[in-house]
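Here is the structure we will look at, set down as structure tokens.
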Amino acid sequence: MQIITTTEALAAYCARAARHPYVTVDTEFLRERTYWSRLCLIQIAHPGPEEEAAAIIDPIAGQIDLTPLYDLFRDPAVVKVFHAARQDLEIFFVDGGVIPAPLFDTQVAAMVCGFGEQAAYETLVRKIARVELDKSSRFTDWSQRPLSEAQLRYALADVVHLRPVYDYLSERLRRTGRASWVAEEMAQLTDPATYRSDPADAWERVKARPGSSRMFAALIELARFREEYAQARDVPRSRVFKDDALVELATLRPQTEADLGKSRLLLREARRGEIAAGILAAIRRAAEMRPEDLPRPRNGREQPQVNPALAELLRVLLKAKAEGQGVAARLIASSSDLDAIAAGERDLPALQGWRREVFGDDAIRLCEGKVALAAKGQSVVTVRLQG
């Protein structure tokens, strides 16, 4: 087992890996006590015998510069293979300013190839590589050193068995002509905008129904302050104040620290000092907005009228199309997408690219009364209408 703890050893490994068509990559990280993920291990493998092809890169033990790895990630001749890549990519983007490309996500590919909704790695390994994974080390604290042989073997399995999974899925996509479908999905995963966390948009993750524009303005400003504070100090948002406290603050809009002390939900640490000052400043900014500058509450926006019967027909159509193509329905369109289509919206991912070919064209025809749905044996098919 190769354990890489020096820049020189990493550079040598990456030089060898660059001679192969692909590498498989995974990470182990912690995020429970920080805003940004703390990278603890990087597992990597290329084609060939496991002893020389697979390695664990340890960014904690010793002094190591990850530049050789990031150079490999930028190499256009080497495909970087991940399973459920988003969190791993966010780590590399934040830590190194790099997004591995070209990229292949086996979870997305599996959804295209008929393995169901969000196929788990162990499921693909069992079905494709015919291997049962040992999950006994799944709750390891990866920041602790030393790691046991069993823990390291567990971590390494996440890239060793990913190789036959990639070989199988990439070949199947080639045979079915669906490689371009996965490529479309990878374009979003490799877009830096996917991983930028703008405090101005932090309110969107808060589940609340603002009753007024002034409350909505306070919610936006409070969420912005919390995000900026958490990012700057690398602490979880919940350590600043939780969502229910944020909604309470936006509703009551306290004016003084004494008012903050009356909150039922605010943490004690947030009732004074920097956090308290930030809360009160955010509420003041919202209070001082001119009426014409106030944001409109989400539940105050003009809502499109959804035809419930049409939305249900679209659900039937989606299920039929997904089953007929052997593609996970969730990858094609969400329930909210179907409601939007039924309400007349057309600028949606579900109606673009490969999704339009598989589902979108007939979805629009169904909305326009140009096709109907009919039962044919155990299947549902579209029937063109005259006129």
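A few notes on this one:
- Kirkwood hydrodynamic radius computed over the stretch 28-68 comes to 11.9 Å, based on all pairs of distinct alpha carbons.
- The stretch 320-365 and the stretch 257-287 have Cα centres lying 45 Å from one another.
- Less than 5 angstrom separates the built amide H of LEU41 from those of GLU28, all sequence-distant by 5 or more or on a different chain.
- Every pair of different Cα atoms in the chain enters the Kirkwood calculation, which places the hydrodynamic radius at 24.3 Å.
- Kirkwood-type radius of the stretch 199-300, with distances r between different C-alpha atoms, in Å: 13.4 Å
- Largest-first principal axis extents of the Cα set of the stretch 123-272 (Å): 63, 43, 24
- The stretch 98-156-the stretch 1-23 distance, computed between alpha-carbon centres (Å): 20 Å
- Hypothetical label at ASP95: residues of the stretch 2-19 whose amide nitrogen lies under 18 Å (7 Å Cα-Cβ projection): 2-15
- Residue exposure proxy: VAL381, VAL358, ordered by other Cβ atoms within 10 angstrom of their Cβ from fewest to most, comes out as VAL381, VAL358.
- Residues MET111, MET289, sorted so that the one with the fewest Cβ neighbours within 10 Å comes first: MET289, MET111
- Cβ-placed point charges (K, R +1; D, E -1), dipole of the stretch 308-384 about Cα centre in debye, nearest 20: 260 debye
- Once the Cα gyration tensor of the stretch 2-106 is diagonalised, semi-axes √(5λ) in Å: 20, 16, 12
- Taking amide hydrogens as placed 1.01 Å from N in the peptide plane, the amide H of VAL79 sits under 5 Å from those of TYR22, VAL23, each at least 5 positions away in sequence or on another chain.
- Under a Gaussian network description of the chain, with springs only between Cα atoms under 10 Å, the residue in TYR13, TYR121, TYR168 that fluctuates furthest is TYR168.
- GNM result for the chain, Cα springs below 10 Å: residue of LEU72, LEU265, LEU41 fluctuating most strongly: LEU265
- Sorted from longest to shortest, the spans of the Cα atoms of the stretch 2-194 along the three principal axes equal 47, 36, 33 Å.
- Helical contribution to [θ] at 222 nm, DSSP H n ≥ 4, -39,500 (n - 2.57), averaged over the chain, rounded to 500: -13000 deg cm²/dmol
- Highest-fluctuation residue, GLN87, GLN144, GLN107 considered, GNM on the chain with Cα pairs under 10 Å: GLN144
- For LYS127, a cut-off of 27 angstrom between C-alpha atoms picks up these lysines, skipping any fewer than 8 places away in its own chain: LYS80, LYS135, LYS319, LYS321.
- For the stretch 1-107, the list of GluC sites (Glu not before Pro) that fall in a loop by DSSP and count at most 10 other C-beta atoms within 10 angstrom reads GLU32.
- The amide H of VAL371, built 1.01 Å from its N in the peptide plane, has LEU366, LEU385 as neighbours under 5 Å, considering only residues 5 or more places off or on other chains.
- Cα lying deepest toward the dipole's positive end in the stretch 199-300, options ALA232, GLY211, PRO291, charges on Cβ: GLY211
Where a number appears in this text, it was derived from the coordinates with a stated rule and is not lab data. Remember, predicted model here, so these are calculated numbers, not experimental data. Glycine also receives a Cβ, built like all others from the backbone with ideal geometry; neighbour counts cover every protein chain displayed.
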